[in-house]
1. Over the chain, consider all pairs of different Cα atoms and compute the Kirkwood hydrodynamic radius from their mean reciprocal separation; express it in Å, one decimal.
2. How much area per residue is accessible in region 177-227 when the probe is 1.4 Å and only protein heavy atoms are counted (Å²)?
3. Taking the Cβ of Ala273 as the centre, find all other residues whose Cβ is under 15 Å away and add up their charges (Lys, Arg: +1; Asp, Glu: -1).
4. Taking the Cα atoms of region 1-156, report the difference between the largest and smallest coordinate on each principal axis, in whole Å and largest first.
5. Placing +1 at every Lys and Arg Cβ and -1 at every Asp and Glu Cβ, with all other atoms neutral, what dipole size does the chain have around its Cα centre, in debye to the nearest 20?
6. Can you pull the percent of the chain's accessible area that's carbon plus sulfur, 1.4 Å probe, other chains left in place?
7. Averaged per residue, what accessible area in Å² does region 81-154 show with a 1.4 Å probe, protein chains only?
8. Taking the chain as a Gaussian network, Cα atoms linked when under 10 Å apart, which of Thr36, Thr112, Thr69 shows the biggest mean-square fluctuation?
Amino acid sequence: MTSKRTSESAGRLSGFAKALRVSDGFVLSDVDPAATPNFDGGKAEGQAALEESQAEQADLLERLYAESTAGGTRSVLLIVQGMDTSGKGGIMRHVISVNPQNVKATAFKAPTRAERRHHFLWRIDRALPGPGQLGVFDRSHYEDVLIVRVHELVPEDVWSGRYAEINDFERRVVDRGTTVVKVMAHISAGEQKARLMKRLERPDKHYKYNPGDVDERRLWGAYMDAYQAALSRCSTEHAPWHVVPADHKWYARLAVQQILLEALRGLHLQWPAADFDVEAEKDRLAAT
């Protein structure tokens, strides 16, 4: 019965990855951050669908881990980018926390002095998931063509060459057995303003407020241009981008979960066969 429900749910919720994938001719400004592509329900239905799919997600991630115990080398990397308040933290809590045991989560902040002495991809490479793991990046190497570009932290001839470096790097990661899933949580400037104001109005949210966010809002157009370039130039066959409308937190969480699930299903994960005589072990155990 559980298997039947999982199959029915998968069929009803399929298609998120295709609907939200960045393809040739993509224009970020054409995406409505308040839309809910590929889903006809509202908040209650979306939250129910999220919970309904958690069992399948847990099962597939356990299969991925089990595969590694038998020598498998495959892994999955979920990259989540987005402007401040776009819901990246909520995605981590509501989507990824289902399987904390084999999840390797990394929240990338501004590089340390030691990290700046290395190539910009050095710290990214060190954070990649190992066999059987789901790696999750809250921000990523794309900061080096986003905030670095917007604030002109390095010359244009430096950051402009990083798109090709990123594509080559992700190609190598995929070739080593990691499925790369990239998501931009796309929030509108108006919704961001409302969320920041809510943080100011609630003392229990003051710790989340950063005065610098107001300064960054003045650069909104420059950030959208930077995102457009990154999405267009780095959405490849081996590591495509997906843009998830994020004005509705419930929808963004559901969409990211479903995109991840479609990637996991595509691995056709199986339980590894026992490397011992099961029946003989039953007899030995029964005799104790």
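1. On the way: mean 1/r = 0.0489 Å⁻¹.
Value: 20.4 Å, from the Cα pair sum.
2. Details: 2660 Å² over 51 residues.
That works out to 52 Å² for each residue.
3. Numbers: positive: Arg63; negative: Glu67, Asp275, Asp277, Glu279, Glu281.
Combined, the nearby Lys, Arg, Asp and Glu give -4.
4. Principal extents (largest minus smallest coordinate, Cα): 57, 45, 28 Å.
5. Magnitude of the dipole: close to 760 debye.
6. Of the solvent-accessible surface of the chain, carbon and sulfur hold 51 percent.
7. Numbers: 3540 Å² over 74 residues.
Solvent-accessible surface per residue comes out at 48 Å².
8. Checking each option, the largest mean-square fluctuation is seen for Thr112.
The values are calculated or read from the model by the stated rules, or taken from the named source; none is laboratory data. Given the structure is predicted, the values throughout are model-derived calculations rather than measurements. A quick note on method: Cβ atoms are made from the backbone with ideal geometry, for glycine too, and the neighbour counts reach across all protein chains shown. In case anyone asks, the SASA skips ligands and DNA or RNA and just uses the protein heavy atoms, side chains included. Shrake-Rupley method; radii C 1.70, N 1.55, O 1.52, S 1.80 Å.
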